[in-house]
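Chemist: Dropping the structure in here first, questions after.
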Amino acid sequence: MPKRPYIVGNWKMHGTRAMLSEARTIDRAAQRHMKVEVAIAPPYTLIHPVHREAEQIAVGAQDCHHEESGAHTGDISAAMVADAGGKFVILGHSERRQNHGETDSEIKAKADAALNAGLRIILCCGESEKTRDSGKAVSHVKKQLKASLPQFEDSSEDISERLTVAYEPIWAIGTGKTATTDDIAEMHGEIRALLISLYGEEHGAEVRILYGGSVKPENAAEILATQDVGGALVGGASLTADSFMGIAMAAGEAEES
Ligand code: PGA
């Protein structure tokens, strides 16, 4: 059974309790669009409040530490995310890689920790404009993923339920620029082949690969209808229920066509 399209809002460092009404509106709308799986990753401070409001959507975090606990001022562990009601965590977002110097091996350690804590993970990858212009986008993204994807020692694990990959070209994030559907199809096809080589056909073919970077209601239908695109990771347009659910509805329509 193909999985439902997965539309995930990354609120980044936006949102106080005043945003809870927006989360509630998103949740109620998601109940009317059950063909699409909708989730939001608000700032840590809103995970528990959104969890309490939500009847349908999952709430998750934008990062976690790789250790369970310890002397790590300012950090949050995967177990803490789960304790607050979080069901998933976004890992390796380019803003974390750039602003916090996160490396592929740290991201892999975080992925292992999150899975151990029972969370699902959304592992991000993507190239800079310079890398794309030099023709090395595909090799760069594959290298990132090979070094950061978790291993899944337990063969009974339903890998495609636990793991989602998000391809987000850095130059498309928050810029209004999006990759062409040809480029998205090429990159997602390469990521699919890598997932199959790592996890086998049964799991690798089922892992959803999200596209992210300036996804909006206006461009969502075209992007979501592209081969191997299993949903979207949405930043700016996830901050209002109107635009976020516009994207979710486009995903539902792409599913029907
Ligand atoms: P954007 O952000 O939709 O605002 O471009 C996407 C992301 O960073 O996940």
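Chemist: For a protection proxy built on the mean count of beta-carbon atoms within 10 angstrom, sort 245-253, 164-172, 25-33 highest first, please. Show your work: numbers first, answer last.
Modeler: On the way: 245-253: 22.8, 164-172: 24.3, 25-33: 17.7.
Going by the mean number of other Cβ atoms within 10 Å, highest first, we get 164-172, 245-253, 25-33.
Chemist: Let me ask something else about it. If you roll a 1.4 Å probe over the heavy atoms of the protein chains, what accessible area per residue do you get for the chain, in Å²?
Modeler: Numbers: 11770 Å² over 257 residues.
Here the residues of the chain average 46 Å² of exposed surface.
Chemist: Let me ask another. Among all the aspartates and glutamates, which ones have a C-alpha under 16 Å from Lys130's C-alpha, if same-chain residues fewer than 8 places away are not counted?
Modeler: Glu168, Asp183
Chemist: Dividing the alpha-carbon radius of gyration of the chain by 2.2 N^0.38 Å (N being the number of residues), what value is obtained? Walk me through the numbers on the way to the answer.
Modeler: Values: Rg = 16.8 Å, N = 257, 2.2 N^0.38 = 18.1 Å.
Rg over 2.2 N^0.38 Å, computed on Cα atoms: 0.93.
Chemist: How big is the charge dipole of the chain about its Cα centre, in debye rounded to the nearest 20, if each Lys and Arg gets +1 on its Cβ and each Asp and Glu gets -1 on its Cβ?
Modeler: Working: 26 positive and 38 negative charges, 104 e Å.
For this selection, approximately 500 debye.
Chemist: Just how far, in whole angstrom, is region 90-107 from region 174-241 if you go by their alpha carbon centroids?
Modeler: 19
Chemist: Considering only protein heavy atoms and a probe of 1.4 Å, how much of the accessible area of the chain is carbon and sulfur, as a whole percent?
Modeler: Details: 5740 of 11770 Å².
The value for the chain is 49 percent carbon and sulfur by accessible area.
Chemist: Right, next: Do any trypsin sites (Lys or Arg not before Pro) in region 128-237 lie in a DSSP loop with no more than 14 other beta carbon atoms within 10 Å, and if so, which? Don't skip to the answer; put the middle values down first.
Modeler: Details: sites: Lys130, Arg132, Lys136, Lys142, Lys143, Lys146, Arg162, Lys177, Arg192, Arg208; in loops: Lys136, Lys177.
Passing sites in region 128-237 are Lys136, Lys177.
The values are calculated or read from the model by the stated rules, or taken from the named source; none is laboratory data. Not measured: the values here are computed from a predicted model. For neighbour counting, all protein chains shown are included, and Cβ atoms are generated from backbone atoms with ideal geometry for every residue, glycine included. Heavy atoms of the whole protein, side chains included, go into the accessibility calculation; ligands, DNA and RNA do not. Shrake-Rupley method; radii C 1.70, N 1.55, O 1.52, S 1.80 Å.
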